[in-house]
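The structure under discussion appears below in the form of structure tokens.
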């Protein structure tokens, strides 16, 4: 069988169980595709030997009939996840050479189910960015191209998105603090879901903003998202915010029947200056859900406009606290110091050398909004606004709404380098449709919904009720069937 | 609120990030742009609204107060840039 790397998780799983293919064959196909795909700069740390060892073990389990869904399936792991004995540096110089002595809960759960790690994936430094241009490993390139121009795959899970869209692995883990799974999924024509805050353990994932961070899968289909999400979820005593709730069988939730479901269209997401193409995509998606039997209602989420400014207080505040641990003492980079330099100079030089410009900017903004005299005016005010943003959603779900449909991003993928001429605030606008979901702790999924006139993928986002990922995935599944998105990037690499 | 270079220098110091003096004016300007964006929040009436502490209503799980990990000195030190005699080594702290 040729081009095994192009399979979905679901198809590969079924072929493995039927013994039509082996995990070693599948893994070798992905390692080959990964080697051929170096121009995308998606994979950063080679774990080929680990992968082949895991594949052999998985084949053993499959032969014995002990095969969970993920058994033998080659996936990529975002560099933000700590993987035991394998470099894990959140795409930052400050974690240069760091090899964790432990495994993140999410990657451990995937490996326990038999998943195979093809490699570690590039990302924005500490997951701070929307274009994958802040990485110490260099930019990731989107497999989709227009006129030979190199485009961004989005960020921060840009390596994950590019690797899955380019068929270098079957699926990948991502993390999402303000849109870092959903925006890159939309830019590369794949599916990405951020589950409810607390669904996945954050233990062993390098922390950015702890009240917003969630892990999730990035996959080629909604069914694959259901399969992989289920393997990633579950209570973990090592993360006190992880929910002690049973994890449903998400795949069986995919009936495609959404008759009578109430889908809301929030008027505040109709931004001024929104491209006609995005407007049309949204209207077409709405019509498809209506045709599938859903009831469409117009709703208002009045505090939407304030989500981004609230996010740019809360996320940097939490980051400034979380990133205080990088001090050159316990792990990673330490600057060389001059004669007479004390420990303070060592900290200051280490952090100046080890953190990139965007990370430094966010740490300092966070430091400022938490500093004496400004804590109430900025940080507490932002947390109050966050309460109101969540209430907006509670009110909408309170009238019986099952899911909310919005565009995933304000544009298609842009050129690498375009951000350089933008100010930070313009850059932050990339997350305008996704960031509300993190602030309210809700599940959100981005699915490919069409191509723009340049031939680039565009995504739609569905937002669900807390802990109702199964229902959300089913609505996404119905929309996916109606859209029938089958386009793939033309291989140029 | 405008951030001048002195404030920018103070923030950098608090964050323990060395910033050269000639980089401070540009940094202050950038901060002002971001803070200006954040100040939109002043338009929102937050009277009587509680600041969010937990996005999900559930109580944090508690566990029994007993030791379940430890005695891993070598593993803890394995990634240190400078570890000596079982300790993290740093420049002189006390004169």
Scope region A:337-354; condition in contact (Cβ under 8 Å) with a residue 12 or more places away in the chain and either farther than 30 Å from residue A:423 by Cβ or more than 7 Å from chain B (Cβ to nearest Cβ) (or both); matching residues
A:337, A:346, A:350, A:353, A:354
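Residues that are more than 24 Å from residue A:228 (Cα to Cα): which strands (runs of 3 or more DSSP E) entirely in region A:397-493 hold 3 or more of them? Let's see the steps before the verdict.
Numbers: elements: A:403-407, A:444-451, A:457-464.
In region A:397-493, no matching strands (runs of 3 or more DSSP E) lie anywhere.
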Read through the list (1) within 19 Å of residue A:97 (Cα to Cα); (2) more than 21 Å from the chain's Cα centre (by Cα), then give the number of the only condition that residue A:323 fails.
(2)
Let me spell it out: the conditions are (1) crowded, with 23+ Cβ neighbours inside 10 Å; (2) out of contact with any helix residue (DSSP H, G or I) (no Cβ under 7 Å at 6 or more places or on another chain); (3) more than 22 Å from residue A:493 (Cβ to Cβ), and residue A:99 meets all of them except one. Which number is the exception?
(1)
Name, by its number, the condition in (1) over 23 Å from residue A:321 (Cβ atoms); (2) modelled with pLDDT of 95 or more; (3) within 9 Å of chain A (Cβ to nearest Cβ) that does not hold for residue B:63.
(2)
Out of region A:4-49, which residues are surrounded by fewer than 16 Cβ atoms within 10 Å (Cβ to Cβ) and either without any contact (Cβ under 8 Å) to a residue 40 or more places away in the chain or on the phi > 0 side of the Ramachandran plot (or both)?
A:14, A:18, A:19, A:20, A:32, A:35, A:49
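May I ask you to say which residue of A:329, A:369, A:313 is facing chain B (nearest Cβ under 8 Å), in contact with a strand residue (DSSP E or B) (Cβ under 9 Å, 6 or more places away or on another chain) and either buried (at least 16 other Cβ atoms within 10 Å of the Cβ) or in contact (Cβ under 8 Å) with a residue 40 or more places away in the chain (or both)? Please lay out each step first, then the result.
Values: A:369 fails: in contact with a strand residue (DSSP E or B) (Cβ under 9 Å, 6 or more places away or on another chain); A:313 fails: in contact with a strand residue (DSSP E or B) (Cβ under 9 Å, 6 or more places away or on another chain).
Matching residue, one of A:329, A:369, A:313: A:329.
Are any residues in region A:256-283 under 25 Å from the mean Cα position of the chain (by Cα) and more than 20 Å from residue A:426 (Cα to Cα), and if so, which ones?
Step one: of region A:256-283, the residues under 25 Å from the mean Cα position of the chain (by Cα) are A:256, A:263-266, A:268-271, A:274-275, A:277-279, A:281-282.
Once the filter is applied, which keeps residues that are under 25 Å from the mean Cα position of the chain (by Cα) and more than 20 Å from residue A:426 (Cα to Cα), region A:256-283 yields A:256, A:263, A:264, A:265, A:266, A:277, A:279, A:281, A:282.
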In region A:332-350, anything in contact with a helix residue (DSSP H, G or I) (Cβ under 7 Å, 6 or more places away or on another chain) and at negative phi is listed as A:333, A:334, A:335, A:337
Collect the residues in region A:217-247 that are more than 10 Å from chain B (Cβ to nearest Cβ) and without any contact (Cβ under 8 Å) to a residue 12 or more places away in the chain, keeping them in residue-number order.
A:246
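The values are calculated or read from the model by the stated rules, or taken from the named source; none is laboratory data. All of these numbers come straight from a predicted model, not from anything done at the bench. In this analysis, Cβ positions are derived from the backbone assuming ideal geometry, glycine residues included, and neighbour counts consider all displayed protein chains.
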